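> Sharing a structure below in structure tokens format, with a few things to ask.
All of the numbers you see were taken from the coordinates with simple rules; none came from a lab. Being a predicted model, the structure only gives us computed values, none of them experimental. All Cβ positions, even for glycine, are placed from backbone atoms using ideal geometry, and neighbour counts span all protein chains on display.
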Amino acid sequence: MKNLKLLPLIFITISLTLFISCSSDSEFDGSGEGKGGSMARFTFLKGYLYIVDESTLKTFDISNPENPDLLGTENVGDGVETIFPYENYLFLGTQWGMKIYSVEDGPIPNYLSDFEHSFSCDPVVVSNSIAYVTLRSGTTCQTGEDRMEVVDVSDLRNPQLLTTIPMENPHGLSVSDTVLFVCEGDFGFKVFNIKDRANPELISHYDSIPSYDVITNYGRKELIITGKNGIFQYDYNDPYNLKELSQILSAPANE
């Protein structure tokens with residue numbers, strides 16, 4: 001098992017996200033969709049780059065990588081935190097809920113709907129018309145219970161809450177086929193069986209590794225967890241028994 005200590009964990013995390021977004025076997029699926037963490041503020045979809053800040057959504061044409069062209073800037077309201085691509089749609093996680101935009105008719109996002117909840121930090125992932133939304137209390141998100149909401153987005157203009165699952169302090173999450181991984185901050189990370197998409201079933205809880213975000217590579221069945229202690233890679237061919245492959249540890253603050 002590899003065990004390395006490097007100083008700037010944030011640099012490693014960003015580099016790792018870019019690597020997964022740009023590697024040959026996981027950069028794009030047939031629709032040109034990027035692969036990154038659920039806490040990301042940027043994503044690739046259909047050959048375009050989308051970036052969110054706290055209140056805007058920017059669209060870039062990156063057909064010429066050396067000279068990206070800003071195509072448009074949309075005001076999407078306050079409290080935007082994350083962006084996630086799925087098919088022809090962009091799902092924005094905000095402190096007030098989930099926003100859904102379509103790029104079906106062109107690269108400039110077209111607003112479809114909002115799914116509102118109490119004030120809370122809010123990443124989101126989507127699979128097979130089901131959205132999984134984690135809500136947590138924290139430094140900038142002082143209200144709302146720690147939980148995961150399961151939302152039916154088959155009607156993109158009218159999302160419907162299906163169920164709510166209590167959590168400890170959920171952060172990033174990732175879906176891979178019938179498995180859902182959810183980071184629980186200082187409480188580790190959890191693995192759910194989602195063969196029944198609307199009713200996640202907890203199958204294991206790894207509580208010894210603080211986790212912030214997670215990226216899955218379905219082709220290789222590899223899982224990458226990032227957290228305050230470093231980056232950890234797992235084999236999840238058997239989701240009931242993850243096997244650690246490697247780790248890159250962050251250096252203590254005094255080193």
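> Kindly rank 84-95, 197-208 from highest to lowest mean number of other beta carbons found within 10 Å of each residue.
On the way: 84-95: 22.2, 197-208: 14.2.
Ranked from most to least packed, the peptides come out as 84-95, 197-208.
> Once you list every other residue whose beta carbon is under 13 Å from the beta carbon of Phe187, what net charge do they have if Lys and Arg are +1 and Asp and Glu are -1?
On the way: positive: Arg136, Lys190, Lys228; negative: Asp146, Glu168, Glu184, Asp186, Asp207.
It works out to a net charge of -2.
> Rank these for me by crowding, Arg147, Arg157, going from fewest to most other beta carbons within 10 Å. If you can, show how the numbers build up before the last one.
Details: Arg147 18, Arg157 10.
Ranked by crowding around the Cβ, least crowded first: Arg157, Arg147.
> A follow-up question, please. For Leu162, Leu70, Leu156, Leu173, what ranking results if the residue with the fewest other Cβ atoms within 10 Å of its Cβ goes first?
On the way: Leu162 14, Leu70 11, Leu156 17, Leu173 26.
Neighbour counts put them in this order, fewest first: Leu70, Leu162, Leu156, Leu173.
> Once the other residues with Cβ under 12 Å from the Cβ of Pro159 are scored (Lys, Arg +1; Asp, Glu -1), what is the net sum? Can you show the working numbers first?
On the way: positive: Lys99, Arg157; negative: Asp114, Glu116, Glu149, Asp152, Asp155.
So the surrounding residues net to -3.
> Among the listed pairs Lys58/Lys221; Lys99/Lys195; Lys195/Lys243, give every one whose C-alpha distance is greater than 28 Å.
Cα-Cα > 28 Å for Lys58/Lys221; rest within.
> Around Asp207, what is the net charge, scoring Lys/Arg as +1 and Asp/Glu as -1 over all other residues with Cβ under 11 Å from its Cβ? Intermediate results must be reported in sequence, preceding the final value.
Values: positive: Lys190; negative: Glu168, Glu184, Asp186.
Spelling it out: positives minus negatives among the neighbours equals -2.
> Now for a separate question. Arrange the following residues from fewest to most other Cβ atoms within 10 Å of their Cβ: Tyr234, Tyr111.
Numbers: Tyr234 24, Tyr111 13.
Starting with the residue having the fewest Cβ neighbours, the order is Tyr111, Tyr234.
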